[in-house]
Amino acid sequence: MDATPISTYQLGRLQELPILRLVSIGAYLDGGVQDILLPIRYLPEGAKEGAKVSVFVYHDNEGRLIATTLTPLAEVGQVAYLRCSSVTEAGAFLEWGIHKDLFVPFREQATKMQEGYSYIVFLYIDQMSGKIVGSARLQKHLDNTPASYSPGQAVQTLVTEQHELGYRVVIEHQHWGMLYTDDTPRMLRRGESLTAYVVRVREDNKVDLSLTPVGYAKMDGESQRLLSLIKEQGGSLPIGDKSSPEAIYRLTQMSKKTFKMVLGSLYKAGLVTLAPTEVRKK
């Protein structure tokens, strides 16, 4: 008795699949339960049967499984900032980086989407249709697993909105995090991707972040960098702890919080003298 075929492809993910056979319209890839068409316009030159090709698998407008060698702007399980290309009676469609736009049903829109505007959405597979859809209701999809980050760990973040305390961000497509104003040297843009560093994981599973590495090693490195910068500028810098965050960042690429901590350590070590808007090397 033949074994029941199993799926060997992942819907909505980049993956490598083997070519089963070449045909006039492209190639059929081995998906296990069914063959998946890779249209000829995406077929790599010189491709042969049995060779593996890196593809993204999705449903076309007729509901058929299709593979493409184009890289989408986001995969299933990820959060992305995408532009709305059209709105219909069924919902909105967002530019996805592949031949097909991403569908966002009205029920998954936090506010009614409008053509030409960009929105932050989470991609998932709808259980009813079995197709990939987007959701702007991020609270349904984030913080569903414990945040297990370590202090000092570098993480990838996406800025979602400005908050009275700073900026809310999504960490690694999975958890909410916060970048505080005092540790943010410049204005951040909605949809901006940033590398940040974990300061702490709070009891409510939210994560406090910094745009600069944390810990003693970071402070030592920043202290040496600031001393070198002062020396390069002739022994002084026209900024101090009363200077604006923008002026400090422009000269040092440090947040005002980090700059003040570094100044304090250098002053205690007797290496600099301080004024409200100047630091001078002794």
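The values are calculated or read from the model by the stated rules, or taken from the named source; none is laboratory data. Remember, it's a predicted structure, so these values are computed and weren't measured experimentally. Neighbour counts are summed over all protein chains in view; Cβ atoms, including those assigned to glycine, are modelled from backbone coordinates with ideal geometry. Ligands, DNA and RNA are stripped out before the accessible areas are found, and what is left, the full protein with its side chains, is counted by its heavy atoms. Shrake-Rupley method; radii C 1.70, N 1.55, O 1.52, S 1.80 Å.
Structure data summary
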read-out	value
Residue selected from region 102-139 under the condition over 21 Å from the mean Cα position of the chain (by Cα) and under 17 Å from Val57 (Cβ atoms), by the criterion surrounded by the fewest Cβ atoms within 10 Å (Cβ to Cβ)	Gly130
Hey, Ala147 at pLDDT below 95 and either over 16 Å from the mean Cα position of the chain (by Cα) or among the acidic types (Asp, Glu) (or both) or not	yes
Residue tally, condition out of contact with any Ser or Thr (no Cβ under 6 Å at 6 or more places or on another chain), in contact (Cβ under 8 Å) with a residue 40 or more places away in the chain and in a strand (DSSP E or B), over region 66-86	4
Sole exception among (1) outside any loop (DSSP other than H, G, I, E, B); (2) farther than 18 Å from Tyr167 by Cβ; (3) not small (Gly, Ala, Ser) for Asp241, by number	(1)
Residue pairs meeting the criteria (Cβ under 8 Å; at least 6 apart or on separate chains; first free of Cβ contacts under 8 Å to residues at least 24 places away in the same chain, in region 228-251; second in a loop (DSSP other than H, G, I, E, B) and surrounded by fewer than 19 Cβ atoms within 10 Å (Cβ to Cβ))	Leu251/Pro238
Number of positions in region 192-203 that are among the acidic types (Asp, Glu) and open to solvent by 80 Å² or more (accessible area, probe 1.4 Å)	1
So Tyr267, is it of a type in the set (Phe, Trp, Tyr) and more than 23 Å from Val199 (Cβ to Cβ)	yes
Every residue from region 204-230 that is open to solvent by 20 Å² or more (accessible area, probe 1.4 Å), modelled with pLDDT of 80 or more and among the acidic types (Asp, Glu)	Asp204
Residue selected from region 157-191 under the condition under 9 Å from the mean Cα position of the chain (by Cα) and free of Cβ contacts under 8 Å to residues at least 40 places away in the same chain, by the criterion most open to solvent (accessible area, probe 1.4 Å)	Glu172
Test: residue in region 101-113 that is in contact with a Cys (Cβ under 8 Å, 6 or more places away or on another chain), part of a loop (DSSP other than H, G, I, E, B) and over 26 Å from Phe259 (Cβ atoms)	yes
Matching residues, region 79-91, being farther than 16 Å from Ser129 by Cβ, over 22 Å from the mean Cα position of the chain (by Cα) and aliphatic (A, V, I, L, M)	Val87
Residue match in region 256-267 (condition: open to solvent by 90 Å² or more (accessible area, probe 1.4 Å) and either of a type in the set (A, V, I, L, M, F, W, C) or at positive phi (or both))	yes
